[in-house]
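A.B. asks: Once you've had a glance at the structure underneath, I'll fire off some questions.
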Amino acid sequence: MKRITYLPYFLYLLFFVCLTGCIDDDNLIEDATGVPGKSLVIIEQKLQDTLTLGQTITLQPQWQSVSPVSYRWTIAGEEVGKDSVFTFEPADRGDYEISFTLTNEEDEAAVVYNVHTLGGFENGFFIINEGWFGHGTGTVNFYRYDTRAIEDSIFIKTNPDKNLLPVSSTLQYGTVYDEKLFLVSKVGGPLVVADAYSLKEKGRIPAQGGNDWRAVAGIDSSIGLLSAGDGLYRLNLDALETESRIEGISGQTGDLLKAGSRVFVLSQREGAVILNTSSLEIEKTVPGVQVGFARTADGKVWMAGGTSLIGIDPETLETEEVGLGFDVYGAWGAWHPGSITAGDSEVYMTRNNMFSGGNEIYRYTGNEASLTLPFITLPGERVTYGAGIAYDQHRGTLVVNTVNKGYGDNFSKNVLFIYDGQNGDILENKAYEGYYFPSVSVFHE
């Protein structure tokens, strides 16, 4: 029987495979370990960024390829570019996924960029200014986190065909609710609602004699409360018009705060009045309260009167009192929002004078001993104006609006201080001039 030897054929086949493999390897890209991989690789890069409307970002992916490539950019499945570089300018706030696909003869590679777009007035906080009574209306300024600049009169600049007249009114209060900025004027002025991110006006209760608004609190998406010089009104948020007055509350009312199933109302006559949000009926009154309101992360609502700081659980309505060691003065003669604010667990309060702001800020941390000495003493001749203090939950900082102590030209010497909310260190102080009369700082929800 004849023997057949396969060895030469095997060696020939092995040689062919090796040769083919070597040729293929020449067309592959080595990864970081030196091992050949694909013929097309997109190099690792920054895939997330944040923009503010009006800004642009240029995306320039880096890659390696053994042959010519083609490019494709898509957003939400729609092709937006076929070049190697793409400049993105968002049209609206929100989150965008921008896909880049790279193709050559052998392979395809893709990468997704995630771009979070902020509204034009989202990356910072508002400063609501009274305005110089009789000389001009109130204004809205904006402190921008990234530039650390204070931008002036942004409402009028955004809405050039609108105004906050008359000059005899004062823009005294602002709040963000349901993605809207509410601007509330006293003494015949309007109540204006603007988009909280673009500041475009969405509606208003027009200025007219008899208007004397104070503050707004939302109950739900359709109903709110509006405090005033002559009581408390139910506010239709859809039609933006006042409805009936709330029974049992008369005279001047001021600060409002919704906490769970209750609404806290500051009343000149009754003190703190607590309403049920469903029935809007009075459930409890705390006499003697002059300054309100602030809410800590545990849900407790804080206010002050006499020489006491008062905390109330909004569910049980149980009350605790802490001695402040100084007299508390309200602002009913020329009302402004209360000089009290809260962090996660701390309560901050300015020791105001009877007819003006103060230069000492106290911080209560749950221990009465924390009120022995001021947490912050303002430098030089600075005193707070309006509410004066507000806690920035987004940054963990205490924002303080000040003017020079005294009268006349001193009111035009503004300094915005930003303090570390935990140790009281000054993080920033920004001086600017003008008769703004800052009333309250307002933050996004």
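The values are calculated or read from the model by the stated rules, or taken from the named source; none is laboratory data. These numbers were taken from a predicted model, which means no experiment stands behind them. When we count neighbours, we look across all protein chains shown, and the Cβ atoms used for this are built from the backbone with ideal geometry, even at glycine. For accessibility, only protein heavy atoms count, side chains too; no ligands or nucleic acids. Shrake-Rupley method; radii C 1.70, N 1.55, O 1.52, S 1.80 Å.
A.B. asks: Please find, among Tyr364, Tyr348, Tyr432, Tyr391, the residue that is more than 24 Å from Gly229 (Cβ to Cβ), in contact with a helix residue (DSSP H, G or I) (Cβ under 8 Å, 6 or more places away or on another chain) and at pLDDT 95 or above.
C.D. replies: Going through Tyr364, Tyr348, Tyr432, Tyr391 in turn, the sole match is Tyr364.
A.B. asks: Restricted to segment 56-68, and to residues that are open to solvent by 40 Å² or more (accessible area, probe 1.4 Å) and touching a strand residue (DSSP E or B) at 6+ places or on another chain (Cβ under 6 Å), which residue is nearest to Gly119 (Cα to Cα)?
C.D. replies: Here the residue is Thr56.
A.B. asks: Given the conditions (1) farther than 27 Å from Lys202 by Cα; (2) without any contact (Cβ under 8 Å) to a residue 60 or more places away in the chain, which single one is not true for Gln268?
C.D. replies: Just one mismatch for Gln268, condition (2).
A.B. asks: Sticking with this one: Give the residue that is farthest from Met354 (Cα to Cα), with candidates limited to residues of segment 365-392 that are buried (at least 19 other Cβ atoms within 10 Å of the Cβ) and charged (D, E, K, R).
C.D. replies: Here the residue is Asp392.
A.B. asks: Given the criterion buried (at least 18 other Cβ atoms within 10 Å of the Cβ) and touching a Phe, Trp or Tyr at 6+ places or on another chain (Cβ under 6 Å), identify the matching residue among Val273, Val301.
C.D. replies: Val301
A.B. asks: Being touching a Pro at 6+ places or on another chain (Cβ under 9 Å), among the aliphatic types (A, V, I, L, M) and free of Cβ contacts under 8 Å to residues at least 40 places away in the same chain is the filter here, so list the residues in segment 76-121 that pass it.
C.D. replies: Val85
A.B. asks: Conditions first: (1) over 21 Å from the mean Cα position of the chain (by Cα); (2) modelled with pLDDT of 95 or more. Pro68 passes all but one, so which condition is the exception?
C.D. replies: If we test Pro68 against (1) over 21 Å from the mean Cα position of the chain (by Cα); (2) modelled with pLDDT of 95 or more, just (2) comes out false.
A.B. asks: Something else now. Could you grab the pairs with beta carbons closer than 6 Å, sequence gap of 6+ or different chains, first residue in segment 141-157 and modelled with pLDDT of 95 or more, second one β-branched (Val, Ile, Thr) and surrounded by 15 or more Cβ atoms within 10 Å (Cβ to Cβ)?
C.D. replies: Hits for this filter: Asn141/Ile127; Asn141/Ile150; Phe142/Ile154; Tyr143/Ile150; Ser153/Thr139; Ile154/Val140; Phe155/Val140.
A.B. asks: Hey, another quick one. Write out, first by first residue and then by second, each pair whose Cβ atoms fall under 6 Å of each other, whose residues are 6+ apart or on separate chains, and whose first residue, in segment 220-240, is of a type outside the set (Gly, Ala, Ser) while the second is exposed (fewer than 15 other Cβ atoms within 10 Å of the Cβ) and not in a strand (DSSP E or B).
C.D. replies: Final answer for the pair search is Leu237/Ser222; Asp238/Ser222.
A.B. asks: Also, I was wondering about something else. Mind checking which strands (runs of 3 or more DSSP E) fall wholly inside segment 99-154 and carry at least 3 residues that are buried (at least 19 other Cβ atoms within 10 Å of the Cβ)?
C.D. replies: Per the criteria, 108-118, 124-129, 139-144.
A.B. asks: What are the residue pairs meeting all of these: first residue in segment 298-311, first residue over 15 Å from Asn367 (Cβ atoms), second residue outside any loop (DSSP other than H, G, I, E, B) and charged (D, E, K, R), Cβ atoms under 7 Å, and 6 or more apart or on different chains?
C.D. replies: Listed pairs, sorted by first residue: Val301/Arg295; Ser308/Glu321; Ile310/Glu321.
A.B. asks: What is the number of the single condition among (1) within 16 Å of Val216 (Cα to Cα); (2) touching a Gly at 6+ places or on another chain (Cβ under 6 Å); (3) among the small types (Gly, Ala, Ser); (4) surrounded by fewer than 23 Cβ atoms within 10 Å (Cβ to Cβ) that Gly338 does not meet?
C.D. replies: In the conditions (1) within 16 Å of Val216 (Cα to Cα); (2) touching a Gly at 6+ places or on another chain (Cβ under 6 Å); (3) among the small types (Gly, Ala, Ser); (4) surrounded by fewer than 23 Cβ atoms within 10 Å (Cβ to Cβ), Gly338 misses (4) alone.
A.B. asks: Ok, one more. Can you tell me which residue is surrounded by the fewest Cβ atoms within 10 Å (Cβ to Cβ) among those in segment 236-265 that are among the hydroxyl-bearing types (Ser, Thr, Tyr) and outside any strand (DSSP E or B)?
C.D. replies: Top of the filtered list is Ser261.
A.B. asks: Does segment 325-337 contain at least one residue that is under 22 Å from the mean Cα position of the chain (by Cα) and not in a strand (DSSP E or B)?
C.D. replies: Yes, segment 325-337 has at least one match.
A.B. asks: Okay, moving on. For segment 304-323, give me each residue that is open to solvent by less than 10 Å² (accessible area, probe 1.4 Å), under 13 Å from Val291 (Cα atoms) and in contact with a Leu (Cβ under 8 Å, 6 or more places away or on another chain).
C.D. replies: Ala304, Leu309
A.B. asks: Would you please name the residue that is surrounded by the most Cβ atoms within 10 Å (Cβ to Cβ), looking only at residues in segment 81-98 that are among the aliphatic types (A, V, I, L, M) and closer than 18 Å to Leu47 by Cα?
C.D. replies: Ile98
A.B. asks: List the number of the failed condition for Lys157; all other conditions in (1) under 22 Å from Asn414 (Cα atoms); (2) touching a Gly at 6+ places or on another chain (Cβ under 8 Å); (3) not acidic (Asp, Glu) hold.
C.D. replies: Failed condition: (2).
A.B. asks: Answer yes or no as to whether Tyr362 is part of a strand (DSSP E or B), open to solvent by less than 20 Å² (accessible area, probe 1.4 Å) and under 29 Å from Val184 (Cβ atoms).
C.D. replies: In short, yes.
A.B. asks: Being out of contact with any Asp or Glu (no Cβ under 9 Å at 6 or more places or on another chain) and modelled with pLDDT of 95 or more is the filter here, so list the residues in segment 394-407 that pass it.
C.D. replies: Those that are out of contact with any Asp or Glu (no Cβ under 9 Å at 6 or more places or on another chain) and modelled with pLDDT of 95 or more: His394, Arg395, Val400, Asn401, Thr402, Val403.
A.B. asks: Checking the condition of a type in the set (D, E, K, R) and assigned to a strand (DSSP E or B), which residue from Glu283, Glu315 passes?
C.D. replies: When all the criteria are applied, what remains is Glu283.
A.B. asks: Say whether the condition of being acidic (Asp, Glu), part of a loop (DSSP other than H, G, I, E, B) and under 26 Å from the mean Cα position of the chain (by Cα) is met by at least one residue in segment 373-381.
C.D. replies: Scanning segment 373-381, I find no residue that is acidic (Asp, Glu), part of a loop (DSSP other than H, G, I, E, B) and under 26 Å from the mean Cα position of the chain (by Cα), so the answer is no.
A.B. asks: Continuing with this model, one more query. Open to solvent by 20 Å² or more (accessible area, probe 1.4 Å) and assigned to a loop (DSSP other than H, G, I, E, B): which single residue out of Asn410, Asn429, Asn423 fits that description?
C.D. replies: Asn423
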